[in-house]
Each structure stands twice: as structure tokens, then as C-alpha cells.
Amino acid sequence: MTRRFARPSFAAVARKEDSSRERFWAVFFLAVAAGVASLPAHSSTSIDRGRALADDYMKGNCFACHSAPGDGKIVTKANIAPPLARMRERFPDRELLLRQIWDPTVRNPDTVMPPFGKHRILSEEEIELIIDYLYTL
Ligand code: HEC
């Protein structure tokens with residue numbers, strides 16, 4: 001009795017699977033590499049990052065106390081503290097603004113504003129990002 005269909009040997013099937021698996025990974029890595037290469041150097045601007053940090057209740061939580069009348073994206077009814085408005089005009093010295101956020105108790109020992117830098121709630125870099133954002137208000 002003759003066999004009507006020649007069956008490929010096991011080895012041949014395995015070889016075929018190997019090469020298609022290789023092709024899959026080659027295409028996969030190329031796709032990932034192309035994706036990484038096309039990412040912008042900064043996926044969000046320092047202003048967006050600063051806003052997110054200021055708004056985050058685990059980070060700045062600034063809008064629990066302050067309003068930001070110049071930013072329509074911020075939803076708050078806070079009126080515990082002065083509105084964060086015209087910041088560049090009112091705080092032309094960036095260093096003084098940094099100090100106010102780093103440790104407001106220096107200016108007012110009785111303030112309810114947390115000493116964000118001194119208590120390591122925010123890093124200096126995070127405060128700088130928040131200031132970039134505040135200067136847009
Ligand atoms: C728990 C409430 C609270 C939080 C949270 C808070 N602040 Fe304040 N902040 C105050 C109060 C109250 C004052 C008023 C000055 C004082 O008490 O000495 C103030 C004052 C300020 C001032 C000076 C304002 C001015 O017009 O003179 C700045 C700037 C400021 N806060 C920025 C921030 C930023 C930025 C954040 C978030 C990282 C923040 N604050 C979070 C309560 C808060």
C-alpha cells in the first residue's frame with residue numbers, strides 16, 4: 001500500500017516553527033524599537049507635570065487650599081489661602097517662591113501650609129516643576 005500524502009518529518013516541522021518564531025521576534029523587536037525611537041524626548045512638558053504635581057492629593061495638593069483662577073482645568077472651591085494668580089508678577093524672584101513652597105513656616109510659623117521641601121513631601125525638582133506651572137497663572 002502506498003502512502004498518498006507524504007508527511008513531513010518531525011524535524012522539518014520543528015525547523016519550520018523555529019524560523020517563523022524567529023521571524024515573529026524579529027518583527028516584534030523592530031516594532032518596539034521603532035515605537036521607542038518615535039517617542040518625543042519629553043512625553044509631557046514641565047508645565048503639565050507641574051500642574052499634575054500641584055493637583056495630586058498625594059503630592060502638592062495645592063488646590064485643597066488655593067484656587068487657580070487662571071487655569072480652567074483646575075476644579076476647586078478652595079478659599080483657605082490666597083488664589084494662585086499673577087504669580088510671575090507677584091513673585092518675580094523665583095528663589096523666594098521656591099522658599100515659600102519649601103518651608104512657608106519661615107515667613108509665618110503659624111501657617112497651615114505644609115513645609116513641602118523641609119518635610120520631603122516634594123523634591124526640589126518637583127517644586128521647580130510646580131513653579132514652572134505657577135508662572136503660567
Ligand atoms: C493646607 C492648606 C495649603 C496647602 C495644601 C498649600 N497652601 Fe500655599 N498657602 C496656604 C496659606 C493659608 C497661605 C497664606 C500665607 C500663610 O499662611 O502664611 C499660603 C500661601 C502660599 C503662597 C504665598 C501666596 C501669596 O499670595 O502671598 C504661595 C505661593 C503658596 N501658598 C503656594 C502653594 C503651593 C504651590 C502649594 C502646593 C504645592 C500650596 N501652596 C499648598 C495654605 C496652603
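Side notes on the structure shown:
- Residue-span extension gain [residue 128 to residue 107] - 0.36 nm each, minus C-alpha spacing: 5.6 nm
- Using only alpha carbons, segment 46-134 has a radius of gyration to Kirkwood radius ratio (Rg to Rh) of 0.92.
All of the numbers you see were taken from the coordinates with simple rules; none came from a lab. Computed from a predicted model, the values in this text were never measured in an experiment.
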